[in-house]
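Everything on this sheet refers to the single structure shown next.
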Amino acid sequence: MKEEKTNNKNETGKLTIFKKKEIWISGVIGILVGAILIYVLGVTGILGLQGATIATIKNERITEKELYDEMKKYSSVSYILELVDKSILKDKYELTEEQKSEVAEQVDYYINMYSSYGYTEEAFLEEAGFESKDEFKEYLTLDYKRNLCYIDYLKPLISDEEINNYYNENVYGEINTKYILVEVSEDITDEEALKTANEIIAKLNAGGNFDDVAKEYEGKVVFEELGYNGFNSGLADEYVSASKELENNTYSKEPVKTEFGYHIIYKIDQKEQPTLEEVKSDIIEILGKDLETEDQYLKHKALIKLREDNNLKIKDDKFKQEYEDFCKQVNTENEQS
């Protein structure tokens, strides 16, 4: 019913969505080496020391500096930037309880989604490169804060007039609905699905209870209560338009066609329209997508500016050059386009 959620905002996915440490550190080295890299970076890469002895062979010793030099061959600056952004954003954005709940819901969403593909929670976390659910939550918290930074970056780029127009034309109070969906598939033609949908509506018109009729067609239809969804929920446009037209405790008298098939929608309730202030950040993010079509690196630019404002200086020559090359690419490719 909804467009499937993805989490590609900072392009660090694995299992299609998360490629966290697979990109930042070679899979051969693994998560443990990542932790060591952070430590050695602090002791040797930044301070320029040889560091303590890791191991000895006859009269020779292997130092933390040598270990660091070897490990950094398999890592990229993205790993360092995660640590940098986490440090900067830690105090810049203190999440509210509601925002923390949103992150927790994202965690459960991805775990539940991959469970439908046969992954246990443990297998999902392991494949995605996380040692625990808490580490996964910490990663999504960083992603959430990066997005808050991006919204702040967009604010000067979008006029109040644009925001007001979008609010007046598109924002409505959240609607609680349930539906019966007759899907169109390889086995069920559009004509057959429409016929079944009309049969269901006829039974409702004759006084049938919505839930009871849905049970009558169990196995042939999809029946779901969606709960409250607002203007940025990702529901199909046709579904939203039909829901807005219904009175509370009424159902659609005509089948509602979407890409999934034919819906019979029952509207349970609708809340009052939120104030502009309550949804302003959401509107800015939505309008920002239009700007992204003109500048695909806009999100990267927001984070680059954040780091510049916080006087980021990468001391390691390899990572410093990688980051400078990336920043140059971001600016050059946009100028060329």
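The values are calculated or read from the model by the stated rules, or taken from the named source; none is laboratory data. Computed from a predicted structure; not experimentally measured. Ideal geometry is used to build each Cβ from the backbone, glycine not excepted, and the neighbour counts take in all protein chains shown. Note: areas computed on protein heavy atoms with side chains; ligands, DNA, RNA excluded. Shrake-Rupley method; radii C 1.70, N 1.55, O 1.52, S 1.80 Å.
Quick notes
- Failed item in (1) in contact (Cβ under 8 Å) with a residue 40 or more places away in the chain; (2) under 27 Å from residue 185 (Cβ atoms); (3) over 26 Å from the mean Cα position of the chain (by Cα), with residue 211 passing the rest: (1)
Conditions (1) open to solvent by less than 60 Å² (accessible area, probe 1.4 Å); (2) modelled with pLDDT of 95 or more, marked per residue:
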site: 182; (1), (2): yes, yes
site: 187; (1), (2): no, no
site: 209; (1), (2): no, yes
site: 239; (1), (2): yes, yes
site: 242; (1), (2): yes, yes
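- Residue in segment 96-116 that is in contact with an Asp or Glu (Cβ under 8 Å, 6 or more places away or on another chain), open to solvent by 40 Å² or more (accessible area, probe 1.4 Å), part of a helix (DSSP H, G or I) and polar (S, T, N, Q) present: yes
- Residue within segment 216-226 that is open to solvent by less than 20 Å² (accessible area, probe 1.4 Å), within 30 Å of residue 289 (Cα to Cα) and outside any helix (DSSP H, G or I) present: no
- Meets criteria (charged (D, E, K, R), open to solvent by 60 Å² or more (accessible area, probe 1.4 Å), under 26 Å from residue 155 (Cβ atoms) and in a helix (DSSP H, G or I)) for residue 278: yes
- Scanning segment 227-262 for residues that are part of a strand (DSSP E or B), over 16 Å from residue 209 (Cβ atoms) and either among the aliphatic types (A, V, I, L, M) or more than 27 Å from the chain's Cα centre (by Cα) (or both) returns 235, 256, 257, 262.
- Sole residue being in contact (Cβ under 8 Å) with a residue 12 or more places away in the chain and either within 21 Å of residue 142 (Cβ to Cβ) or of a type in the set (Val, Ile, Thr) (or both), chosen from 271, 299: 299
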